[in-house]
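Report on the structure given below.
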Amino acid sequence: MIVKRFVSILLIYFLFSSFSYAEIKGKENCLAASFSGTSVREALQMYADFEKINIVIDSDIKNTIDLSLHCVTSDIIKNSIVMMFNLSIIEENGVYLVSPLQKLKRLNIVQEVVKLSYIESSELVDIYKEYKHIDVIPVSSLNSVFISGLKSDVNKILESIKKLDVPQNQYFIDVQLFSASSSFLKNVGLKINAQIQGGQLGGSVVSEYAAIASSGMSVVYDKAGSLLLRSELQLEETKGESYLVSSPKLVAYENKRASISQGVLIPYQVQLNNGGFKTEFKEAAISIKVTPRPANDDEVFLDIFVSKNSPSTQTPQGVQIETRQISTNVRLKLGSTLMLGGIYETLESDTISGVPWLMDVPYLGWFFRSNNKVTSNQELILLLSPLKLKV
């Protein structure tokens, strides 16, 4: 009888007692967290063990948590627990102190949510990540930041955010990429300079300097010289001396990179450890990347990167990619034009010429025609003209 009563008590206990379960698993930015009837203290301790951090949990934290998150970051797990139970976390010499927010308010701890208008929340968090005694947590979906810390520190952060969250300069960059003979760039430059210096055009060459690429040439023209330069290039294009490869129009915020790429993906085979093969791709393309940085009201710094990757020799492993690159920094007046050269390539073509009709006669036609192999050295010429857009 006593045994039956004891078993009944155990069954009732297990039926009506809460079932506790806690687990965090996964890798890097795709974690899964499951808490069911788990104490908040246990959940925070499990998070600290998973992240290998030191944590001190206030004895007043006694709630239980039910939570299920899939493919999230560790910060989202922490922030979910903190926000759900109105907690605050303060880092002190590598130790994280967790306390109820109401308790910390007696220590003059405050929290603020700031909606950002011009700067991204992730960028702002990077700026303040070294600050101690204060938490700045991004809320990416709302482009806002959650700030928690001593009132004096939070007020300083709020004042600095007002200075950082301001309209950003936006730039329009007109880009033209030409392909021409290797002597074309220098000849056109000399022709334009002669016209300007001879007084035929009221412009000037702002500066001339060697490009990073060997034997390259770089010239900056003001607005008047830019107009003449583009006219000469269009004239040479009608003569067949050059041709326009690409003419993108880029728009970028200050300190933000704008880029364009034009080309093809070439497949090649890669052998796996198990003896099988898989197909991967190499890019053969022309790529232009430009990052504008404000200098003053009428000038801008441009960080420029130009690359041309083209198919080369066929090997048993696949097609080799021949790479040519230019990387440079310039300071330009708004509306002026940078003419940049230095990327060369050799083109080979076969031409057939001969006497019409007779050259097509079977067997005898080869007496009346000739095959010529023509080799020409071409140079890629880049023109960039920046303008500031009104915000």
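Select from the range 270-295 the residues that are of a type in the set (S, T, N, Q) and open to solvent by 60 Å² or more (accessible area, probe 1.4 Å) and list them in ascending order. If the condition is that a residue be of a type in the set (S, T, N, Q) and open to solvent by 60 Å² or more (accessible area, probe 1.4 Å), then Gln271, Asn273, Asn274, Thr279 are the ones that fit.
Restricting attention to the range 241-269 and to residues that are open to solvent by less than 40 Å² (accessible area, probe 1.4 Å) and in contact with a Lys or Arg (Cβ under 9 Å, 6 or more places away or on another chain), the residue that is farthest from Asp165 (Cα to Cα) turns out to be Ile266.
Checking Asn29, Asn54, Asn63 one by one, the residue that is over 17 Å from Asp135 (Cβ atoms) and surrounded by 12 or more Cβ atoms within 10 Å (Cβ to Cβ) is Asn63 and no other.
The numbered conditions (1) open to solvent by 60 Å² or more (accessible area, probe 1.4 Å); (2) modelled with pLDDT under 85 are all true for Arg41 except (2). Working only within the range 230-249, note down all residues that are under 19 Å from Val290 (Cα atoms) and polar (S, T, N, Q). Those that are under 19 Å from Val290 (Cα atoms) and polar (S, T, N, Q): Ser246, Ser247.
Say we look at the range 134-151 and pick out the residues that are exposed (fewer than 15 other Cβ atoms within 10 Å of the Cβ) and without any contact (Cβ under 8 Å) to a residue 24 or more places away in the chain; which of these is nearest to Tyr96 (Cα to Cα)? Spell out the reasoning first.
Going residue by residue through the range 134-151, those that are exposed (fewer than 15 other Cβ atoms within 10 Å of the Cβ) are 140-142, 151.
Still in the running and without any contact (Cβ under 8 Å) to a residue 24 or more places away in the chain: 140-141.
Numbers: Ser140: 24, Ser141: 26 Å.
Here the answer is Ser140.
Within the range 25-38, residues that are under 22 Å from Asp66 (Cβ atoms) and in contact (Cβ under 8 Å) with a residue 24 or more places away in the chain sit with their Cβ atoms under 9 Å from residues that are aromatic (Phe, Trp, Tyr) and open to solvent by less than 40 Å² (accessible area, probe 1.4 Å), at 6+ positions apart or across chains, in these pairs: Ala33/Tyr47.
Would you check which residues across the range 121-133 are without any contact (Cβ under 8 Å) to a residue 40 or more places away in the chain and either surrounded by 14 or more Cβ atoms within 10 Å (Cβ to Cβ) or not in a loop (DSSP other than H, G, I, E, B) (or both) and list them?
Let us first name the residues in the range 121-133 that are without any contact (Cβ under 8 Å) to a residue 40 or more places away in the chain, namely 121-123, 125-131.
Once the filter is applied, which keeps residues that are without any contact (Cβ under 8 Å) to a residue 40 or more places away in the chain and either surrounded by 14 or more Cβ atoms within 10 Å (Cβ to Cβ) or not in a loop (DSSP other than H, G, I, E, B) (or both), the range 121-133 yields Ser121, Ser122, Glu123, Val125, Asp126, Ile127, Tyr128, Tyr131.
Is the range 169-189 home to any residue that is surrounded by 15 or more Cβ atoms within 10 Å (Cβ to Cβ), under 32 Å from the mean Cα position of the chain (by Cα), modelled with pLDDT of 70 or more and among the acidic types (Asp, Glu)? Scanning the range 169-189 turns up at least one residue that is surrounded by 15 or more Cβ atoms within 10 Å (Cβ to Cβ), under 32 Å from the mean Cα position of the chain (by Cα), modelled with pLDDT of 70 or more and among the acidic types (Asp, Glu).
Of all residues in the range 110-130, those that are hydroxyl-bearing (Ser, Thr, Tyr) and within 16 Å of Lys163 (Cβ to Cβ) total 3. Go through the residues of the range 90-107 one by one and say whether even a single one is in a strand (DSSP E or B), open to solvent by less than 60 Å² (accessible area, probe 1.4 Å) and among the charged types (D, E, K, R). Yes, the range 90-107 contains a residue that is in a strand (DSSP E or B), open to solvent by less than 60 Å² (accessible area, probe 1.4 Å) and among the charged types (D, E, K, R). Residues in the range 82-98: is at least one touching a residue at least 24 places away in the same chain (Cβ under 8 Å) and touching a Pro at 6+ places or on another chain (Cβ under 7 Å)? Yes, that holds for at least one residue.
Here Val154 passes the criteria (1) aliphatic (A, V, I, L, M); (2) surrounded by 15 or more Cβ atoms within 10 Å (Cβ to Cβ); (3) part of a helix (DSSP H, G or I); (4) in contact with a helix residue (DSSP H, G or I) (Cβ under 9 Å, 6 or more places away or on another chain) except the one numbered (4).
The values are calculated or read from the model by the stated rules, or taken from the named source; none is laboratory data. Everything numeric here is computed off the predicted structure, so don't read it as measured data. Note that we place each Cβ from the backbone using ideal geometry, even for glycine, and neighbour counts take in every protein chain shown. When the accessible area is computed, the model is the full protein with side chains, heavy atoms only, and any ligands, DNA or RNA have been set aside. Shrake-Rupley method; radii C 1.70, N 1.55, O 1.52, S 1.80 Å.
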